[in-house]
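Comments concern the structure below.
The values are calculated or read from the model by the stated rules, or taken from the named source; none is laboratory data. Please read these numbers as outputs of a predicted model, since none were measured by experiment. Ideal geometry is used to build each Cβ from the backbone, glycine not excepted, and the neighbour counts take in all protein chains shown.
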Amino acid sequence: MSEGNKINATSLPISSLKGVGEKLSNSLIKLGIRNLEDLLFHFPIDYLDRTKLEQIADLTPENDFVIRGEIEKVSQTFVPRKMLLVKIKDNSGHIFLRFFYYFPSLRNIFKEGANIQVAGKSRLGRYGLETIHPDYEILNNEDFIPKILPKYRLTKGITQQKIRKIISQTCQLLRDKKIEIDDYINHPNLQSLNDAVVGIHQPDHKNPINDYLIGGESKARLRIGLEEIIANKISYLSIKEQNQNRPAERFENNILAINIEENLPFSLTPDQKKSYQEIAEDMASGSPMLRLLQGDVGSGKTIVAALIAAHVVEDQKQVVILAPTTILANQHYESFCEWYGDNENIVLLTSKLPVREKREIYQKISDGIVKIIIGTHAVFQDELIYQNLSLVIYDEQHRFGVNQRLKLKEKANDYPHQLLLSATPIPRTMAMGVLSGLDISTIKSLPPNRIPVMTSTLANSKRDALIKRIQNAIANDSQVYWVCPLIEESENELTGIEELEKILKKEFSKNDYEIIHGKMKDDEKKEIIKNFKERKTKILLATTVIEVGIDVPDANIMVIENAERFGLSQLHQLRGRVGRGTKESFCILMHSETLSEISKERLRIITETSDGFSIAESDLKLRGPGDILGLSQTGLPSFTFYDLLSNKELQNEADKYAKEIIKLPVESQRKIIERWFPAHLELSDV
C-alpha cells in the first residue's frame with residue numbers, strides 16, 4: 001500500500017491489511033466483508049464499558065467489571081468437567097477465572113505472580129465470585145487506560161480481539177489519510193463521514209455509551225444516521241423513477257364504478273370518496289401503482305377497493321383480491337356479487353375446494369373468462385396461470401409476508417397495480433410510509449352508526465366474575481365472541497378451546513354456544529356463522545379465525561383469552577368484531593397474573609386507544625419496523641443508526657440531500673444504497 005497516495009477504501013481488498021491471510025479473508029467474506037470499506041461499515045452491535053477500574057471486593061454478581069490484580073494460583077481440573085481455573089487477587093479480595101474451552105498453551109500464559117487486567121461479567125460460583133471466559137491482558141506495569149470497546153457480529157474463525165485489531169488498523173489508515181470513503185454529504189454542523197466512521201468504532205470514553213447506540217446523540221452517530229436514512233430515501237426515489245419508465249396499463253373507464261356506487265344502499269363518506277379518487281388517479285397514470293389504503297376496522301375500505309376493481313373489469317382485465325382467511329374471502333365474494341349484480345365474472349378460490357372444481361376455475365382464469373378472483377393463498381399457486389392480471393388487492397396486508405406478495409405479483413405479465421388494505425398497518429408498512437416509499441390513502445371517518453367499544457383487562461383469577469357477567473348479558477339478548485389462542489388442551493398456561501369448553505359446559509347450556517376454528521371444513525364454518533348471525537347461538541367460542549370477515553351487528557361482547565400473547569394489530573382486529581350495531585359494546589382482555597413489561601405496555605395501549613393508526617405507531621415503537629428493504633415484517637430495525645421515531649429532525653435534512661444525490665450518476669446512487677442495504681433493491685417495490 002503506497003504511503004503517499006490516498007486510495008478509495010472500496011478498491012483495497014481485506015487481504016491488503018497486515019495479519020489478514022487467506023483463512024481470515026474467507027471468514028470475513030462470510031460476514032460480507034470483501035474490501036476495506038466493507039470492513040469500516042461493519043459497525044459495532046454494542047459496546048463494553050471498560051472506563052472504570054474496580055476493586056474485587058466491590059464487585060457484585062451479574063455486572064460487567066474491569067479489575068487489576070496478581071495471579072495467585074493456576075490449576076486444571078477435570079471434575080465435573082475439564083476446565084482451567086485462575087485465581088486473581090488484589091488488596092481487597094479475590095476472584096476466579098474459569099475457562100472451559102481452551103488450548104493447553106493457555107495454561108502457560110498465566111504465570112503465578114504476574115500482574116493481569118481482567119474484564120468480564122461476575123457471577124457467584126462454587127468458590128465465591130468468578131467470571132467465565134473473560135477478556136484479559138498480562139501487564140508490564142502499564143497505566144490503566146479507560147476504553148469503550150466495540151462488540152461486533154462474528155462468524156466462525158474470528159474473535160472480537162481479532163476483528164477489533166484489523167478495524168483499528170483500518171481506522172488508522174483513515175486518520176492518516178492514506179485511504180478515504182466517498183462522502184456525498186457536506187453538512188455544516190456534522191462531522192465528515194470519515195471522522196464519523198472512526199468515531200463509531202473508537203468512541204471517546206468520556207461520552208456515555210448510550211450516545212453511540214440506537215437513538216444516541218453523539219455527532220458520529222447522527223452523521224452516519226443521516227447517511228443511512230438518505231440511502232433509504234434514494235432507494236425509494238430510484239424505484240419511483242424506475243416505475244415512471246415501466247409500462248403499466250391505464251385504467252380510466254369508470255362507468256361500471258359509477259353504476260355500482262349509484263346502486264349502493266348507503267352513501268360513501270368524504271374520506272372514501274377522496275381515497276377512491278387518489279387511487280383512480282394512480283390507476284390512470286400509466287405507471288405501476290403501489291398504494292396503501294388504510295382505514296380503521298369497519299371504515300369501508302372494501303367498497304373503495306371494489307370500485308377500483310371495476311375500472312379493470314370494464315377493460316376486460318383481471319383483478320385478484322387476496323384474503324388471509326376463507327371466512328373473509330367468503331364475505332368479500334358475497335359483497336362483490338351483491339355490488340356487481342352478478343357472479344359470472346367473479347370466482348371464489350380457496351385451497352379446500354374439490355380438485356375438479358378447482359381445475360375448472362383455473363381454466364376459466366387462464367382463458368380470461370373470469371375477471372375477479374377472490375381467495376386465500378390458493379390464488380398464487382404455481383399451476384394457476386392468469387391471462388391478464390392487472391390489479392392485485394391484498395386485504396389485511398399485515399397477514400401476508402413479502403415473499404407471498406412477490407409471488408403473486410410475478411403472476412402478472414408486466415407490472416401490475418398493487419393496492420394494500422389495512423386497519424392496523426404492520427411496523428414495516430408504517431416505516432415505509434414515513435420514509436416515502438409507499439403512497440398512502442386514509443379513511444379516518446367511521447360510519448355514523450359505529451359505537452365506541454369499552455375495553456378493559458381482567459386477570460384469570462377473576463374468571464368467575466366474568467362468567468356471571470356473561471350469563472347476565474346473554475339473558476338480556478347480548479351475543480358474545482370468546483376467543484382462545486389454541487384449539488387443543490395444552491400443558492402450558494395458554495387456554496385452549498377444548499379446555500375452556502370444559503369450564504363453559506358447567507355454566508352454560510349446550511345450546512348457548514358453538515365452537516369454530518380453522519381446522520373445520522368450510523361448509524361447517526359457514527353453518528356455525530349462519531347460526532350465530534341468526535341468533536340461534538349466543539356465544540361463539542373461537543380461535544383467531546374470526547379475526548376478520550365476520551359482521552354480526554348484534555354481537556356486542558368480545559372476550560379474549562391470554563390477551564398478552566396477541567399482537568396489537570390482532571387485538572385491535574378482534575375488538576373490531578363488536579361495536580357494529582346499536583348496543584353498548586365491550587372488549588374484555590383476560591391475562592395471566594404475572595406479565596412482562598412489554599405485555600403490560602401492549603395491554604395498556606389497546607385499552608387506552610381505539611385509533612388503529614395510533615396503535616400501529618405504538619406497535620412500531622415496541623417491535624421495530626422490520627427489514628424495510630427485505631423480507632422481515634417486524635423485529636429488529638433494519639436501521640443500524642437512524643432511529644425512526646427519535647431522529648425525526650433528520651427527516652427534512654435527509655429529503656434535501658436525497659434530492660441532490662438522486663441527480664448524480666446511477667453508479668453513485670447505487671453505491672450509497674448498497675453500502676447500507678446490499679441485495680435488497682429488487683425487493684423494495686413489493
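Count, please, the residues in the range 21-60 that happen to be among the β-branched types (Val, Ile, Thr), in contact (Cβ under 8 Å) with a residue 24 or more places away in the chain and closer than 24 Å to Trp676 by Cα. Working first, answer last.
Of the range 21-60, the ones among the β-branched types (Val, Ile, Thr) are 29, 33, 45, 51, 56, 60.
When the remaining residues are screened for being in contact (Cβ under 8 Å) with a residue 24 or more places away in the chain, the result is 45, 51, 56, 60.
Next, from what is left, pick out any that are closer than 24 Å to Trp676 by Cα: 45.
Result for the range 21-60: 1.
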* Filter result for Glu608 (without any contact (Cβ under 8 Å) to a residue 40 or more places away in the chain and either within 20 Å of Lys444 (Cβ to Cβ) or in contact with a Gly (Cβ under 7 Å, 6 or more places away or on another chain) (or both)) -> yes
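Can you say whether Lys600 is modelled with pLDDT of 85 or more and in a helix (DSSP H, G or I), as far as the supplied structure shows? First the steps, then the outcome.
Numbers: modelled with pLDDT of 85 or more: yes; in a helix (DSSP H, G or I): yes.
Criteria met by Lys600.
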* Structure fact -> Note on Gln363: of the conditions (1) over 16 Å from Leu322 (Cβ atoms); (2) modelled with pLDDT under 85, unmet is (2)
* Given the conditions (1) surrounded by fewer than 18 Cβ atoms within 10 Å (Cβ to Cβ); (2) within 21 Å of Ala220 (Cα to Cα); (3) in contact with a Pro (Cβ under 9 Å, 6 or more places away or on another chain), report the number of the one that Asp204 does not fulfil. => (3)
* **Identity of the residue in the range 358-370, touching an Asp or Glu at 6+ places or on another chain (Cβ under 9 Å) and in a loop (DSSP other than H, G, I, E, B), that ends up farthest from Glu547 (Cα to Cα)** => Ile369
* To do: Please work out which residue is nearest to the chain's Cα centre (by Cα), limiting yourself to the range 348-360 and to residues that are farther than 12 Å from Tyr386 by Cβ and crowded, with 16+ Cβ neighbours inside 10 Å.
  => Thr350
* Could you give me the residue pairs with C-beta distances under 7 Å whose first residue belongs to the range 505-516 and is assigned to a loop (DSSP other than H, G, I, E, B), whose second residue is at pLDDT 90 or above wherever it lies, and which are 6+ apart or on separate chains? => Phe508/Ile539
* Asked: Hey, among the residues in the range 545-561 that are closer than 24 Å to Phe336 by Cβ and surrounded by fewer than 19 Cβ atoms within 10 Å (Cβ to Cβ), which one's modelled with the lowest pLDDT?
  -> Asp551
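Looking for whichever is in contact with a His (Cβ under 6 Å, 6 or more places away or on another chain) and modelled with pLDDT under 85 here; the options are Ser610, Ser569, Ser614. Which one fits?
Exactly one residue qualifies, and that residue is Ser569.
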* Examine the range 331-353 for a residue that is among the basic types (Lys, Arg) and modelled with pLDDT of 90 or more, and state whether such a residue exists. => no
* Single residue of the range 45-72 satisfying the filter (within 15 Å of Arg123 (Cα to Cα) and of a type in the set (D, E, K, R)) that is surrounded by the most Cβ atoms within 10 Å (Cβ to Cβ) -> Asp64
* Which strands (runs of 3 or more DSSP E) sit wholly inside the range 15-105 and have at least 3 residues that are out of contact with any Phe, Trp or Tyr (no Cβ under 6 Å at 6 or more places or on another chain) and closer than 30 Å to Asn194 by Cβ? -> 46-50
* Residue list for the range 280-312, restricted to those being within 20 Å of Ile373 (Cα to Cα), of a type in the set (S, T, N, Q) and touching a strand residue (DSSP E or B) at 6+ places or on another chain (Cβ under 7 Å) -> none
* Structure fact -> Scanning the range 207-221 for residues that are in a helix (DSSP H, G or I) and of a type in the set (A, V, I, L, M), the one surrounded by the most Cβ atoms within 10 Å (Cβ to Cβ) turns out to be Ala220
* When the residues of the range 73-89 are filtered to those that are at pLDDT below 95 and out of contact with any Leu (no Cβ under 9 Å at 6 or more places or on another chain), which remaining residue is surrounded by the most Cβ atoms within 10 Å (Cβ to Cβ)? -> Met83
* Asked: Within the range 362-376, which residues are on the phi < 0 side of the Ramachandran plot, surrounded by fewer than 19 Cβ atoms within 10 Å (Cβ to Cβ) and touching a strand residue (DSSP E or B) at 6+ places or on another chain (Cβ under 8 Å)?
  -> Lys364
* Would you call Asn186 over 35 Å from the mean Cα position of the chain (by Cα) and modelled with pLDDT under 85? -> no
* Asked: Quick check: is even one residue across the range 337-355 in contact with a Phe, Trp or Tyr (Cβ under 6 Å, 6 or more places away or on another chain) and in contact (Cβ under 8 Å) with a residue 12 or more places away in the chain?
  -> yes
* Asked: In the range 30-39, what residues are within 18 Å of Gln169 (Cα to Cα), of a type outside the set (Lys, Arg) and surrounded by fewer than 22 Cβ atoms within 10 Å (Cβ to Cβ)?
  -> Asn35, Asp38
* To do: Would you please list the contacts, defined by Cβ atoms under 6 Å and residues six or more apart or on different chains, that run from a residue in the range 666-680 that is outside the structural domain of Ile230 (by TED's automatic domain parsing) and modelled with pLDDT under 70 to a residue that is among the hydroxyl-bearing types (Ser, Thr, Tyr) and buried (at least 17 other Cβ atoms within 10 Å of the Cβ)?
  => none
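Among the residues of the range 603-621 satisfying the criterion of being in a helix (DSSP H, G or I) and among the acidic types (Asp, Glu), which is surrounded by the most Cβ atoms within 10 Å (Cβ to Cβ)?
We begin by selecting, within the range 603-621, every residue in a helix (DSSP H, G or I); these are 603-608, 612-621.
Imposing the further condition that a residue be among the acidic types (Asp, Glu) reduces the set to 608, 617, 619.
Details: Glu608: 12, Glu617: 18, Asp619: 24.
Here the residue is Asp619.
Quick check on my filter: what residues within the range 188-200 are within 22 Å of Leu149 (Cβ to Cβ) and either part of a loop (DSSP other than H, G, I, E, B) or among the aromatic types (Phe, Trp, Tyr) (or both)?
Gln191
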* Test each condition in (1) modelled with pLDDT of 90 or more; (2) over 18 Å from Gln161 (Cα atoms); (3) out of contact with any helix residue (DSSP H, G or I) (no Cβ under 9 Å at 6 or more places or on another chain) for Val118 and report the one that comes out false. => (2)
* **Qualifying residues in the range 299-357 (those that are outside any helix (DSSP H, G or I) and touching a Lys or Arg at 6+ places or on another chain (Cβ under 6 Å)) - the one nearest to Asn263 (Cα to Cα)** => Asn345
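Tell me, which strands (runs of 3 or more DSSP E) wholly within the range 395-462 include 2 or more residues that are at pLDDT 85 or above and within 24 Å of the chain's Cα centre (by Cα)? It would help to see each step written out before you state the result.
Numbers: elements: 417-422, 439-443, 453-459.
Where strands (runs of 3 or more DSSP E) fall fully within the range 395-462 and carry at least 2 residues being at pLDDT 85 or above and within 24 Å of the chain's Cα centre (by Cα), they are 417-422, 439-443.
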* For the range 160-187, what are the residues that are out of contact with any strand residue (DSSP E or B) (no Cβ under 8 Å at 6 or more places or on another chain), without any contact (Cβ under 8 Å) to a residue 40 or more places away in the chain and part of a helix (DSSP H, G or I)? -> Ser168, Gln172, Arg175
